[in-house]
Amino acid sequence: MGSLSPGFRADMVAIEGDPFKDIQAVIKGVKWVMKDGEAIIDKRSSHILKR
């Protein structure tokens, strides 16, 4: 656990769905990922993440 605050770096994953009700949401529902405070871009996707 940690803090989400300005100036802090974070690892986060945003998913669509409720992983407690459907574990497939973790696999198929990933919308974006941040590692060490930086967005990870899936070059195969047509979506570009802006900071």
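Shape verdict for the range 1-42, please, from the Cα gyration tensor: rounded (a/c under 1.5), prolate (a/b greater than b/c) or oblate.
Cα axes put the range 1-42 in the oblate bin.
Among 28-36, 14-22, how do they line up by average Cβ neighbours within 10 Å per residue, starting with the highest?
Taking the mean over residues of other Cβ atoms within 10 Å, the ranking is 28-36, 14-22.
Any read-out appearing in this document is the output of simple, stated calculations on the displayed coordinates, not a laboratory observation. What you see is a predicted model; the values in this text were computed from it and never measured. Don't worry about glycine lacking a Cβ; one is built from the backbone with ideal geometry, like all the others, and counts go over all protein chains shown.
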